[in-house]
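Engineer: Quick one: structure below, then a few questions.
Each reported figure results from applying straightforward, stated rules to the coordinates on display, with no laboratory input. Being a predicted model, the structure only gives us computed values, none of them experimental. With ideal geometry, Cβ positions are generated from the backbone for all residues, glycine too; neighbour counts draw on all protein chains shown.
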Amino acid sequence: MRSRSILRSLGEEVRERRKRRNLTQEGLAFDAGVHPNVVGRLERGVYNPTVMILYAISLRLNTSLQDLFAGAAKRQ
């Protein structure tokens, strides 16, 4: 199913950007106001986050939703 590959690509993009900023999953989760399991599941591509969760994560990663999705699209 294509939606799974999109979620996987989005998760990979979040993971790469998080690591570039030397953040742990727990640190990103705390700063974004979400449970640490959310970040882990998102990065593995097994969680379909809400726009609000993605927005909070993108703010902490100093990027835009547009850039997150563009990065994920390049991974397709």
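Engineer: Can you pull out the trypsin sites (Lys or Arg not before Pro) in the range 1-70 whose DSSP state is coil and whose Cβ has at most 16 other Cβ atoms within 10 Å?
Structural biologist: On the way: sites: Arg2, Arg4, Arg8, Arg15, Arg17, Arg18, Lys19, Arg20, Arg21, Arg41, Arg44, Arg60; in loops: Arg21.
Listed in order of number, the matching sites are Arg21.
Engineer: Only Cα pairs under 8 Å and at least 6 apart count here; give the relative contact order of the range 1-46 as a rounded whole percent. List each step's numbers first, then the result.
Structural biologist: On the way: 40 pairs, mean separation 25.2, N = 46.
The normalised contact order for the range 1-46 reaches 55 percent.
Engineer: Further question on the same structure: Could you give the Stokes-Einstein D for the chain in µm² per second, using the C-alpha Kirkwood radius, 10 °C, 1.306 mPa s?
Structural biologist: Numbers: Rh = 11.9 Å.
Result for D is 133 µm²/s.
Engineer: Looking at the chain as a GNM with Cα springs under 10 Å, which of Leu42, Leu28, Leu65 has the largest mean-square fluctuation?
Structural biologist: Highest fluctuation among the options: Leu65.
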